[in-house]
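The values are calculated or read from the model by the stated rules, or taken from the named source; none is laboratory data. Every value quoted in this text rests on a predicted model; they were computed, and no experiment measured them. Note: ideal-geometry Cβ built from the backbone for every residue, glycine included; neighbour counts use all protein chains shown. Just so you know, the surface numbers come from the protein's heavy atoms only, side chains and all, with ligands and any DNA or RNA stripped out. Shrake-Rupley method; radii C 1.70, N 1.55, O 1.52, S 1.80 Å.
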Amino acid sequence: LLTLNNSCLDIHVQKANFLFLVVVFVTENVGNISNLLCLAAHDLDTGENGHITYSIISGKGPFAINPVLGVLSVKRSLDYEKQSVHRLVIQAEDNGVPSRKTTVDVTIVVEDANDAPVFSQDHYEGT
């Protein structure tokens, strides 16, 4: 188990069975996050064969990954009350022929914040 907060993590593509879990904690209602996590895979190949492409191959939610830089971002605020845990599988694939791939499981834990009270309707009338 590896717990990170806005850090870069190295993954070596050559290891076919390299498995570990990344857990990131984020407070709800903070808006877009352009750099939640930076995943960095390394390939000892040179030239085109050594170029890595990142993708999200499993999981849902407002997440995106830069295919070149491996930076995971959040496109909108996360809400603890709607979903407190998000699970993604991120793939790093080299440009070799055949290509080599590795994956990492990423769990995003949404921490509860003190939400402001909300009236149940916009307008009230008294008699």
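Out of all the residues in the range 104-127, which are open to solvent by 30 Å² or more (accessible area, probe 1.4 Å) and at pLDDT 90 or above?
Within the range 104-127, ASP105, VAL109, GLU111, ASP112 meet the criteria.
Looking at the range 20-27, is at least one residue in a loop (DSSP other than H, G, I, E, B), without any contact (Cβ under 8 Å) to a residue 60 or more places away in the chain and not hydroxyl-bearing (Ser, Thr, Tyr)?
No, that holds for no residue.
Could you please tell me which pairs satisfy a Cβ distance under 8 Å, a separation of 6+ or placement on different chains, a first residue in the range 108-127 that is farther than 22 Å from LEU72 by Cβ, and a second residue that is open to solvent by 100 Å² or more (accessible area, probe 1.4 Å) and modelled with pLDDT of 85 or more?
Every condition considered, the pairs that remain are ASP115/GLU81.
Restricting attention to the range 45-74, which residues are open to solvent by less than 60 Å² (accessible area, probe 1.4 Å), over 30 Å from ASN114 (Cα atoms) and of a type in the set (A, V, I, L, M, F, W, C)?
Once the filter is applied, which keeps residues that are open to solvent by less than 60 Å² (accessible area, probe 1.4 Å), over 30 Å from ASN114 (Cα atoms) and of a type in the set (A, V, I, L, M, F, W, C), the range 45-74 yields ILE52, ILE56.
In the range 30-44, what residues are over 14 Å from ILE90 (Cβ atoms) and either under 13 Å from the mean Cα position of the chain (by Cα) or surrounded by 15 or more Cβ atoms within 10 Å (Cβ to Cβ) (or both)?
Correct list: ASN32, ILE33, SER34, ASN35, ASP43.
Quick one: in the range 75-103, of everything that is over 30 Å from ALA116 (Cβ atoms) and of a type in the set (Gly, Ala, Ser), which residue is modelled with the highest pLDDT?
Going through the qualifying residues, I end up with ALA92.
Within the range 78-96, how many residues are touching a residue at least 24 places away in the same chain (Cβ under 8 Å) and loosely packed, with under 15 Cβ neighbours inside 10 Å?
7
Determine whether the range 1-8 contains at least one residue that is open to solvent by 30 Å² or more (accessible area, probe 1.4 Å), at pLDDT 90 or above and within 11 Å of the chain's Cα centre (by Cα).
Scanning the range 1-8, I find no residue that is open to solvent by 30 Å² or more (accessible area, probe 1.4 Å), at pLDDT 90 or above and within 11 Å of the chain's Cα centre (by Cα), so the answer is no.
Within the range 45-74, which residues are at pLDDT 95 or above, more than 19 Å from VAL23 (Cβ to Cβ) and more than 11 Å from the chain's Cα centre (by Cα)?
Within the range 45-74, just PRO67 meets the criteria.
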